[in-house]
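Input: a single structure, listed below in structure tokens.
The values are calculated or read from the model by the stated rules, or taken from the named source; none is laboratory data. Note that the structure is predicted; figures quoted are calculated from it, not measured. Cβ placement follows ideal geometry from the backbone for every residue including glycine, while neighbour counts extend to all protein chains displayed.
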């Protein structure tokens, strides 16, 4: 990955409207993020949501990462096509998109690996496509999660995302 943003640390904060009428809180968050020099993380599943929330970035060009719907199943072709469409909308505007990992990563590793490689190829064809991050979220054995990433280390367009909250849940469940 030869991306300029990788050479510096980007501090992002979740920027999410949770309730109708939160517009004033969103404007306040926008101002506070701007003062702190932060970028944003948003949750969006449609191009319209992307545009609306990216319009609230603290400043034009501020780093942004989009969390896609939690039910995105990368083994489903319809979902992969939708993901490619969403990534195309965000090309040049966001640095990354996040989906959750799936049990298929360890239950059907060859199929999942082929699927992710195929998806990465489709994403690489999009000019200025954001990186697709697959977040550790469903409580897989951490060793299996790492093994998957070792097997796909030659793919630049897809990368792991470690959410320490999910790691903590896994550790607590194991204990």
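What to note about this one:
- Members of region 154-168 that are surrounded by fewer than 19 Cβ atoms within 10 Å (Cβ to Cβ) and either under 18 Å from residue 111 (Cβ atoms) or at pLDDT 90 or above (or both): 154, 159, 160
- Considering region 47-57, the residues that are under 24 Å from residue 163 (Cα atoms) and either part of a strand (DSSP E or B) or in contact (Cβ under 8 Å) with a residue 24 or more places away in the chain (or both) include one that is farthest from the chain's Cα centre (by Cα), namely 57.
- Enumeration of residues in region 4-14 that are within 16 Å of the chain's Cα centre (by Cα), part of a loop (DSSP other than H, G, I, E, B) and at pLDDT below 75: 10
- Within region 72-115, considering residues that are without any contact (Cβ under 8 Å) to a residue 12 or more places away in the chain and not in a loop (DSSP other than H, G, I, E, B), the one farthest from residue 130 (Cα to Cα): 107
- Of the residues making up region 116-126, none is outside any helix (DSSP H, G or I), closer than 25 Å to residue 49 by Cα and in contact with a strand residue (DSSP E or B) (Cβ under 7 Å, 6 or more places away or on another chain).
- Flag if residue 74 is modelled with pLDDT of 90 or more and buried (at least 20 other Cβ atoms within 10 Å of the Cβ): yes
- Candidate set: region 15-42, residues that are modelled with pLDDT of 85 or more and assigned to a loop (DSSP other than H, G, I, E, B); chosen: the one nearest to the chain's Cα centre (by Cα): 38
- Residue match in region 127-138 (condition: in a helix (DSSP H, G or I) and surrounded by fewer than 20 Cβ atoms within 10 Å (Cβ to Cβ)): no
- Residues in region 58-71 that are touching a residue at least 40 places away in the same chain (Cβ under 8 Å) and touching a helix residue (DSSP H, G or I) at 6+ places or on another chain (Cβ under 9 Å) were compared, and the one that is farthest from residue 92 (Cα to Cα) is 66.
- Across region 58-66, a minimum of one residue is classified as surrounded by 13 or more Cβ atoms within 10 Å (Cβ to Cβ), in a strand (DSSP E or B) and modelled with pLDDT of 90 or more.
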